[in-house]
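Nothing in this text is a laboratory measurement; each read-out follows from the coordinates by a stated rule. These numbers come from a predicted model, not from an experiment. Note that each Cβ is placed from the backbone with ideal geometry, even for glycine, and that neighbours are counted across all protein chains shown.
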Amino acid sequence: MSRDVEAEVIGILARQAMLDPFDITNDLSPEDLGMDSLGLVEAIFAIEEAFDISVPFNANVPQGGEFDLSSVGSIVDHVKMLVTARG
């Protein structure tokens, strides 16, 4: 069964930001969604749990790691790569 990674990631971000998933586009940043650093950490934990992956994310330097958090689209792309690498 194929998973729709993009829809799941957007759903997680939407729940964390308390938004409708249909209001979230790939070009928006977590800040655009109204997410603070705690909300972003909680979203990353939810993504890790949902996909059984480990996201290379440093909560102390959220924008400084190898996991690009600059936009919804970049988060989706990186989750897809981690899911693919996990096999």
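Of note:
- Net charge contributed by nearby residues that have their C-beta within less than 14 Å of Gly73 (K/R +1, D/E -1): -4
- Multiplying each eigenvalue of the alpha-carbon gyration tensor of the chain by 5 and taking the square root yields semi-axes of 18, 16, 11 Å, largest first, rounded to whole angstroms.
- Residues Phe51, Phe45 arranged by fewest to most Cβ contacts within 10 Å: Phe45, Phe51
- Length added when fully stretched, Ser74-Ile53, from 0.36 nm per residue minus Cα-Cα: 5.9 nm
- Compared with the direct C-alpha span, the chain from Thr25 to Asp4 gains 6.0 nm at full extension, assuming 0.36 nm per residue.
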